[in-house]
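What follows is one structure encoded as structure tokens, with my remarks underneath.
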């Protein structure tokens, strides 16, 4: 996909856009040293941060792929099930970050999702360092990125309307804004400023904002209030998930 010149953020070191199409546009002019950050607060990148904190390698994969089980088996990995399927067996994990609370004996997980995971999978060969960020690890991801010299593209994954079109999600705007806030304003596009302003508007009461937004209300109504609580714990994690080959691993201590 080629952006119209007037739509491009190529002149800026820090860029921000939405969803799969926005991700492709941001990385189409990728150069060595550039980085892309996927933000899917409810819940791929939050679950990703919790998993890599526990030393688990996380393989992104498209949602509802018929060959996902075989893909996981070929990598000696557990396939995470859908959040609303409930725990199928002892030790099972899902897209719910709470499902990783007491997990043990798990080294590798294939974690499909329709948004953040699918975008991450699509960007595997984009020629950029690919990171996963959420509110829990926004500051840690920012510290890692400040040590790099390339351009940074932050992608809010968003959600989906029933017809499959992108639904911009407040929680992803806030998560992207938290990462961009940690990077400062030098070289930032106006689109980045919108995300930062949105984050600053709620950062003093993130728990309430996340519980009250559309996605948060949906999770709470479905019995996943614990996931919202985990998501709202801003900057509690030093995990920096970076894609190495096919899997995200934590490089926060390196």
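The values are calculated or read from the model by the stated rules, or taken from the named source; none is laboratory data. Computed from a predicted model, the values in this text were never measured in an experiment. Cβ: placed from backbone, ideal geometry, glycine included. Neighbour counts: every protein chain shown.
Remarks
- Filter result for residue 127 (in contact with a helix residue (DSSP H, G or I) (Cβ under 8 Å, 6 or more places away or on another chain) and closer than 13 Å to residue 37 by Cβ): no
- Residue in the stretch 216-230 that is in contact with a strand residue (DSSP E or B) (Cβ under 6 Å, 6 or more places away or on another chain) and either closer than 20 Å to residue 144 by Cα or at pLDDT 95 or above (or both) present: no
- The strands (runs of 3 or more DSSP E) found wholly in the stretch 6-119 and carrying at least 2 residues that are within 23 Å of residue 180 (Cα to Cα) and in contact (Cβ under 8 Å) with a residue 60 or more places away in the chain occupy 14-18, 35-39.
- The stretch 128-180 - residue that is in contact (Cβ under 8 Å) with a residue 24 or more places away in the chain and over 16 Å from the mean Cα position of the chain (by Cα) and, of those, nearest to residue 9 (Cα to Cα): 151
For every residue, the table says whether it meets (1) under 16 Å from residue 46 (Cα atoms); (2) surrounded by fewer than 14 Cβ atoms within 10 Å (Cβ to Cβ); (3) touching a helix residue (DSSP H, G or I) at 6+ places or on another chain (Cβ under 6 Å).
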{"position": "185", "(1), (2), (3)": "no, yes, no"}
{"position": "191", "(1), (2), (3)": "no, no, no"}
{"position": "200", "(1), (2), (3)": "no, yes, no"}
{"position": "205", "(1), (2), (3)": "no, yes, no"}
{"position": "223", "(1), (2), (3)": "no, yes, no"}
{"position": "231", "(1), (2), (3)": "yes, no, yes"}
{"position": "237", "(1), (2), (3)": "yes, no, yes"}
{"position": "243", "(1), (2), (3)": "yes, no, no"}
{"position": "249", "(1), (2), (3)": "yes, no, no"}
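- The set of residues in the stretch 120-140 that are touching a strand residue (DSSP E or B) at 6+ places or on another chain (Cβ under 7 Å), closer than 18 Å to residue 158 by Cα and part of a loop (DSSP other than H, G, I, E, B) comprises 123, 134.
- In the set 151, 108, 143, only one residue is touching a strand residue (DSSP E or B) at 6+ places or on another chain (Cβ under 8 Å), modelled with pLDDT of 95 or more and surrounded by fewer than 21 Cβ atoms within 10 Å (Cβ to Cβ); that residue is 108.
- Members of the stretch 66-77 found to be at pLDDT 95 or above and in contact with a strand residue (DSSP E or B) (Cβ under 7 Å, 6 or more places away or on another chain), listed by number: 71, 72, 75, 76, 77
- Condition met for residue 87 (under 16 Å from the mean Cα position of the chain (by Cα) and modelled with pLDDT under 95): no
- Pair list, Cβ under 6 Å, 6 or more apart: the stretch 234-254 residue on the phi < 0 side of the Ramachandran plot and modelled with pLDDT of 95 or more, other residue in a loop (DSSP other than H, G, I, E, B) and surrounded by fewer than 22 Cβ atoms within 10 Å (Cβ to Cβ): 238/252; 239/252; 240/251; 240/252; 242/251
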